[in-house]
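Contents: one structure, followed by commentary.
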Amino acid sequence: MEIKSVGVIGAGQMGNGIAHVFSLAGYDVYINDVSEDALNACKKLIASNIERQVARGKITEEEQAAAIGRIHIETDLAVIGKTDLIIEAATEREDIKHQIFAALSPHLADNTILTSNTSSISITRLAAATDRPEKFMGFHFMNPVPIMQLVELIRGIATDDKTYQALKAVVVRLDKTSASAEDFPAFIVNRILMPMINEAVYTLYEGVGTVESIDTSLKLGANHPMGPLELADFIGLDTCLAIMNVLHDGLADTKYRPCPLLVKYVEAGWLGRKTKRGFYDYRADPPVPTR
C-alpha cells in the first residue's frame with residue numbers, strides 16, 4: 001500500500017520531530033495531543049526548526065513552505081483514524097498507550113497501519129489489544145528525530161510482512177536507515193544504552209566519580225559526544241527509569257535494577273533538561289553539576 005497521510009499522536013519532543021521529518025519528506029501530517037497548548041507549541045517549534053534548516057542551506061524556502069503547509073493540527077481522533085499510518089508518540093507508559101489505541105479503534109480505516117514509537121514496551125502486547133495486530137509495529141525514532149539517522153523497526157509476533165515492508169520503504173523515503181529488532185524489552189539501542197547510563201548513575205551513587213569526572217571520562221576516554229549523565233538529562237530521567245523498569249521486569253535479571261539515585265532524582269521531579277534540573281542544573285549558564 002502507498003502511504004500518503006500520517007497521524008502523529010503526541011506533540012512532545014518526539015512527536016514534533018517525527019512530524020517535522022515526515023512533512024519534509026512529502027507526507028500530509030496530522031498531529032494530535034490532549035493538550036491544545038502542546039499542539040500550538042509543537043507547530044511553532046517545527047516552523048522554527050525548519051527555518052533553521054533553511055538558514056543553514058539544508059533546504060530551500062520553497063521546500064520550507066511546502067512542508068509547513070502539510071502539517072495540520074487536529075484535535076479530532078476521527079480525522080487521525082483515517083490516515084494511512086498512525087505513529088503513537090505519547091509518554092512511555094503502557095496504560096496510556098493502550099488508552100490511545102482503544103480511543104482510535106472506532107475511527108480506523110481498513111488499511112491504516114498502527115505503530116508505536118515506544119523505546120522499550122512489548123509490541124506484541126500493544127498489538128494484541130488492537131483489532132489489527134498484523135498491521136501493528138514498533139517504529140522507534142531516535143531523539144532528536146531530524147538529526148538522528150536510525151529508526152528501529154520492531155515486528156510483533158503477529159506483524160505481517162506487507163506491513164514490515166511498507167514501513168521499511170517509509171524509512172527510505174525519510175532518508176534514514178532502519179535496523180530490525182526482535183520484540184524483546186528495550187529492543188537494541190536502549191537494551192545497550194540504558195544499562196550504561198544506569199551504571200554511570202551507580203558510579204556516581206557509589207562515589208567512584210563526580211558528575212563532571214564521569215562525563216569527562218566517557219567523552220574523552222571512549223570518544224562519546226556526550227557524557228552518560230548529560231545524555232540521561234537530555235533523554236529525561238523519568239524515561240530512563242521507565243526503560244530500566246521494563247528491562248528489570250521483562251528480563252528478571254538483577255543487572256537491570258535501576259540505581260536508587262536515579263529513582264530519587266525522579267521522585268524529586270528532577271528529570272533533566274525539561275525540568276531545568278537533573279544531574280546538571282540548567283538554570284545556570286553554563287549548567288552546573290548537582291552532585
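The values are calculated or read from the model by the stated rules, or taken from the named source; none is laboratory data. All of these numbers come straight from a predicted model, not from anything done at the bench. Glycine also receives a Cβ, built like all others from the backbone with ideal geometry; neighbour counts cover every protein chain displayed.
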*Confirm whether Lys168 is of a type outside the set (Asp, Glu), over 27 Å from Arg257 (Cα atoms) and within 23 Å of the chain's Cα centre (by Cα).*
yes
*Working carefully through the options Arg125, Arg93, find the one that is at pLDDT below 95 and of a type in the set (Lys, Arg).*
Arg93
*Cβ-Cβ below 8 Å, separation at least six or inter-chain, first residue in segment 100-117 and farther than 14 Å from Ala129 by Cα, second among the acidic types (Asp, Glu): which pairs?*
Leu108/Asp131; Ala109/Asp84; Asn111/Asp84; Thr112/Asp84; Ile113/Asp84; Asn117/Glu88
_Residue that is over 19 Å from His98 (Cβ atoms), surrounded by fewer than 14 Cβ atoms within 10 Å (Cβ to Cβ) and without any contact (Cβ under 8 Å) to a residue 60 or more places away in the chain, where the choices are Val172, Val151_ = Val172
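For every residue, the table says whether it meets (1) of a type in the set (Lys, Arg); (2) over 23 Å from Gln53 (Cα atoms); (3) touching a His at 6+ places or on another chain (Cβ under 8 Å).
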residue	(1), (2), (3)
Ala129	no, yes, yes
Met137	no, yes, no
Phe141	no, no, no
Pro144	no, no, no
Leu150	no, no, no
Thr159	no, yes, no
Ala166	no, yes, no
Val171	no, no, no
Asp175	no, no, no
_Checking Lys97 against (1) basic (Lys, Arg); (2) over 24 Å from His20 (Cβ atoms); (3) surrounded by 14 or more Cβ atoms within 10 Å (Cβ to Cβ), the condition it does not meet_ = (2)
_I need every pair where a residue in segment 64-90 that is of a type in the set (Lys, Arg) has its Cβ under 7 Å from the Cβ of a residue that is crowded, with 17+ Cβ neighbours inside 10 Å and not in a helix (DSSP H, G or I), sequence separation at least 6 or different chains._
Arg70/Tyr27; Arg70/Val29
*Taking into account only those residues within segment 1-39 that are assigned to a strand (DSSP E or B) and either free of Cβ contacts under 8 Å to residues at least 60 places away in the same chain or touching a Gly at 6+ places or on another chain (Cβ under 6 Å) (or both), which is farthest from Thr75 (Cα to Cα)?*
Asp28
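I'd like to know if segment 205-218 contains one or more residues that are in contact with a His (Cβ under 6 Å, 6 or more places away or on another chain) and among the aliphatic types (A, V, I, L, M).
yes
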*Just for segment 34-68: of the residues that are hydroxyl-bearing (Ser, Thr, Tyr) and within 22 Å of the chain's Cα centre (by Cα), which one is farthest from Asn16 (Cα to Cα)?*
Ser35
*Pull up segment 113-122, narrow it to residues that are in contact with a strand residue (DSSP E or B) (Cβ under 8 Å, 6 or more places away or on another chain) and among the small types (Gly, Ala, Ser), then point me to the one that is modelled with the highest pLDDT.*
Ser116
